[in-house]
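Written out below as structure tokens is the structure these notes cover.
Read the figures in this text as sums done on the coordinates, not as results from a lab. Keep in mind that this is a model prediction, so the values were computed, not measured. FYI the Cβ positions are ideal-geometry reconstructions off the backbone, even for glycines, and counts take in every protein chain you see.
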Amino acid sequence: ETGVTQSPTHLIKTRGQQVTLRCSSQSGHNTVSWYQQALGQGPQFIFQYYREEENGRGNFPPRFSGLQFPNYSSELNVNALELDDSALYLCASSLSRGVGAGDTQYFGPGTRLTVL
Amino acid sequence: EDQVTQSPEALRLQEGESSSLNCSYTVSGLRGLFWYRQDPGKGPEFLFTLYSAGEEKEKERLKATLTKKESFLHITAPKPEDSATYLCAGEGGSQGNLIFGKGTKLSVKP
């Protein structure tokens, strides 16, 4: 069974640029969630996709957007990058029985984004 | 506002010295309390899910317990390889997201 994978591992961008991060969910999982983790902090929820529809969003501006594809892989897009966007971006997948069912989320290794 | 608070922020133990990590939560309609282990620069690794007060789960030297307001992660006779940051998270409210604490950084010295 393949776990959650993310690409790229590391990324360096400059302020104002756009970035796309990718995630392949664990085999059989239908839900993907994205989190941002700043240094020394716990992960913060960005949004979640369930069967290709966004079904929850945290306190992040619209320049953070995403997609989920029919094979349940996902992308996170961030436009107009700011210095504060520098963080570890984590993708987590789960086999959801419905929104907010207490399903276990399994995390990928993350993408380290540095904005200069 | 839903919140998860972990204490202490950092904990240093000698090998074999047992201790507990605390996770206090105020999460409306808690549907699950999760513990993860995170090594530096890596993604969180799932440890336990607890669903109801009184529930306990064990894995090797770790044991997680849950009350209506807190969860504890007990570490018995820790080894240096147990050194990591331990994250606690609750799922509740109208969305299926996890609300994380800031973590407890555990260091176990030989």
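How many partner chain Cβ atoms sit within 10 Å of a residue's Cβ in peptide B:41-50, on average, as a whole number?
5
Rg and Dmax of chain A over Cα atoms: what are they, in angstrom?
13.4, 41
Hand me the trypsin sites (Lys or Arg not before Pro) from region A:5-43 located in a DSSP loop with no more than 13 other Cβ atoms within 10 Å, in residue order please.
A:Arg15
Take peptide B:98-104, look around each residue's Cβ out to 10 angstrom, count Cβ atoms belonging to other protein chains, and average those counts.
Partner Cβ neighbours, averaged per residue: 5.
If I stretch the segment between A:Ser65 and A:Thr5 completely, what's the gain in nm (0.36 nm per residue apart, minus their alpha carbon distance), one decimal?
Going from the current span to full extension adds 19.7 nm.
Suppose a student asked you for the relative contact order of chain A, using Cα pairs under 8 Å spaced at least 6 residues apart; what percent would you report?
36
Please list, in order along region B:76-83, the HN-Hα scalar couplings obtained from phi with the Karplus expression 6.51 cos²θ - 1.76 cosθ + 1.60 (θ = phi - 60°), rounded to whole Hz, x for Gly and Pro.
Couplings: 9, 6, x, 10, x, 6, 7, 5 Hz.
Past the 26 Å Cα-Cα mark, which pairs from B:Lys63/B:Lys105; B:Lys42/B:Lys68; B:Lys59/B:Lys109; B:Lys63/B:Lys109; B:Lys59/B:Lys79?
Exceeds cut-off: B:Lys42/B:Lys68.
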